[in-house]
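Coordinate-derived values only; no laboratory data. Worth saying up front: this structure is predicted, and the values here are computed from it rather than measured. Cβ coordinates were reconstructed from backbone atoms using ideal geometry, including for glycine residues, and neighbour counts include every protein chain displayed.
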Amino acid sequence: MSVKVLIVDDEKLERVLISNSVEWEKNGFEVIGEAGNGEEALEFFDMNQPDLILTDINMPFMDGVTFAQHIRERSKNCHIIMLTGYREFEYARKAVALGVDEFLVKPINAMEVTRAAVASREKIKTERGADREMAHLKQEAIGSRLLLRDAFLQRLLEQRVEEEEALHKLQMFQLTRLLAPGVCVSVNVRVTDGGQKQEICTYILEWCRKHTTAGVCFLHYLNHIVLFYGAEDAARITGEMQSLLEEMKERNGCVITVGVSEEGQGLPAISKAYQQTQKVNALGMICGGKRLWNYGDYEKIRNRRQKMTEMNWKNLEIAMTGGSLKRVEECVDAYAAELDAAGVPEEIYLKIMAMEIAERMAEVLARQGRSVSDVVGEQQYYRMVTEIDGIAAMQMFLKEVAGRILAQTEGSRTKKGNALVANVKVFIEQNLGNPELSLRLIAQELYMNGSYLSRVFKQETGESLTEYITRKRIEKSMQLMDETSMKAYEIAEQVGIKDAHYFSICFKKYVGVTVKEYKNRER
């Protein structure tokens, strides 16, 4: 596994030089990002967790030592190499006290940077094994091993785990039997007549743990129960699931369907089998009648018309991502025309394809942690699907779903984004003199997720939150210079910058002249 590297320097040229002068990949590194100041670097660190940071020590707003202190508060394992054009002993002493690996003096030398980085890499490799085991021990000490296991399984089913981590955790959680031949079963619950979904799912989970021979059984966060049977127990699935359906038959307020995958083996087969059960359960929801479906049932219907055309997925993705309802409707119409030309397919085929296309459309909602049924409403969604009785009805359904999804994403992005940015700007204006003003403070005070806030602010304004704060502080300082006789250090404090030296650096960077030159020019 390569060592992830973050480069931090307020000078773009320096970042490019560091990035290009070292053969990072050849030496076992991956440069995963750059940052122009400590605030941006901390935000990047929180989201990406680099293994090694190369940072300038002399930066506006937050010097390298302060930045390193923040990193140490977040992680004891991240390695740091300091780069500076200044030779002050005090800086070096503080850096060493923080456990910084190296202290390199600019102008940088490619061989020296490579040597220092490789030395850090070897330390990281040595520590990783011990750190991994220590992390596992800490997780177990928390006492919720089952919850940790379930969280891992959910990530595994959604293919959000790297192979190395997956194999390690399968062993750690004693789940290596999932790699052997086996079958996945998913019990889906659709609430009707005011039923309590969480309560029903918890009941089914406990029933399955007591009355089935499944080797693994857990509750997925989307509120369906997932079971894994070994191949030797697969013959018992039908009987056990029929018993469950019989148990739930008299239960009011819900409809239960059970989807069974094909037999699979190996790591990729785990998530594949789970995806199969979800397709099968969707089929069960729209067909009614029997409640236990195998993936073979789905495939028989799906492949009944072997010459049937497929949707142009690439064009659909481009249209949805671009937010163009007109282009989406054109994709739907083109697909409908091809279906019609090939001969009108059976209703069940149209329903299956309609759901597949709707789920693809809803991938733009995944970034918000939502699904198509969240926008349309679960009961209404399945009702709309069951009412599809021909190509025209399928077209209407898909256009309706696309319209709702795009309206939701655009409306959310525009309305919420505008309101959020307005609130943030007011807060910044009111707290400009606070030296602690930062993305983290704003997110905390406005009760928002920091990553989301940062992304929306950049989308709406074209500049990062840190850049905006800096610009407003410099604009305020220029106003104070024009209207008062305050000294530079007093102005720096007034606009929330503790260090007058960094204020001067920051001022020149944004204004183009020094504080002294600006004052003399204005006289």
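So if each residue of separation counts as 0.36 nm, and I subtract the Cα-Cα distance between ARG128 and GLU30, what length gain in nm does that give?
Working: separation 98, 0.36 × 98 = 35.28 nm, distance 1.65 nm.
Length gained, ARG128 through GLU30: 33.6 nm.
Find which of ILE237, ASN434, MET47 sits farthest along the positive direction of the dipole of the chain, computed with +1 on the beta-carbon of Lys and Arg, -1 on that of Asp and Glu, about the Cα centre.
Of the options given, the answer is ASN434.
Distance check, please: which entries in LYS425/LYS519; LYS26/LYS125; LYS472/LYS509; LYS76/LYS458; LYS169/LYS197 exceed 22 angstrom between their Cα atoms?
Numbers: LYS425/LYS519 28 Å; LYS26/LYS125 16 Å; LYS472/LYS509 14 Å; LYS76/LYS458 31 Å; LYS169/LYS197 30 Å.
Over 22 Å apart, Cα to Cα: LYS425/LYS519; LYS76/LYS458; LYS169/LYS197.
Subtracting the Cα-Cα distance from 0.36 nm times the residue separation, let me have the gained length for SER451 to GLU11 in nm, one decimal.
On the way: separation 440, 0.36 × 440 = 158.40 nm, distance 2.40 nm.
That pair, SER451 and GLU11, stretches by 156.0 nm at full extension.
Using only the Cα atoms of the range 313-412, build the gyration tensor, take square roots of its eigenvalues as a ≥ b ≥ c, and label the shape rounded, prolate or oblate: rounded if a/c is under 1.5, else prolate if a/b is larger than b/c, else oblate.
Details: a/c = 2.21, a/b = 1.36, b/c = 1.63.
Oblate.
What does the charge count around TYR295 come to, taking other residues whose C-beta lies under 9 Å from its C-beta (Lys +1, Arg +1, Asp -1, Glu -1)? Mind dumping the intermediate values first?
On the way: positive: LYS279; negative: GLU262, ASP297, GLU299.
In short, -2.
What FRET efficiency, computed as 1/(1 + (r/R0)^6) with R0 = 56 Å and r the Cβ-Cβ distance, is obtained for ALA234 and SER485, rounded to the nearest 0.05? The partial results should precede the final answer.
Numbers: r = 85 Å, r/R0 = 1.52.
Step by step, r from the Cβ atoms, then E = 0.05.
Set the Förster radius R0 to 25 Å, insert the Cβ-Cβ distance between VAL513 and GLU463 as r into 1/(1 + (r/R0)^6), and round the FRET efficiency to 0.05.
On the way: r = 22 Å, r/R0 = 0.86.
Between VAL513 and GLU463 the formula returns 0.70.
Would you kindly state how much longer the chain becomes between SER21 and LYS314 on full extension, computed as 0.36 nm times their sequence separation minus their alpha carbon distance, in nm to one decimal?
Values: separation 293, 0.36 × 293 = 105.48 nm, distance 3.80 nm.
Fully extending the segment from SER21 to LYS314 adds 101.7 nm.
Could I have the simple spin-label model distance between LEU325 and ASN520, label points 7 Å from Cα toward Cβ, reported in nm to one decimal?
Going by the 7 Å Cα→Cβ label model, 6.2 nm.
List the residues whose amide H sits under 5 Å from the amide H of VAL3, counting only those 5 or more places along or on another chain, with H placed 1.01 Å from N in the peptide plane.
The list, which skips near neighbours in sequence, is PHE29, GLU30.
Shape of the range 431-522 from its Cα gyration tensor (a ≥ b ≥ c, root eigenvalues): rounded if a/c is under 1.5, otherwise prolate when a/b > b/c, or oblate? Write out the running numbers ahead of the final one.
Working: a/c = 2.79, a/b = 1.96, b/c = 1.42.
Prolate, because a/c is 1.5 or more and a/b exceeds b/c.
Please give, to one decimal in nm, the separation of the simple spin-label points placed at LYS498 and THR386, each 7 Å out from Cα toward the Cβ.
Distance between label points: 6.4 nm.
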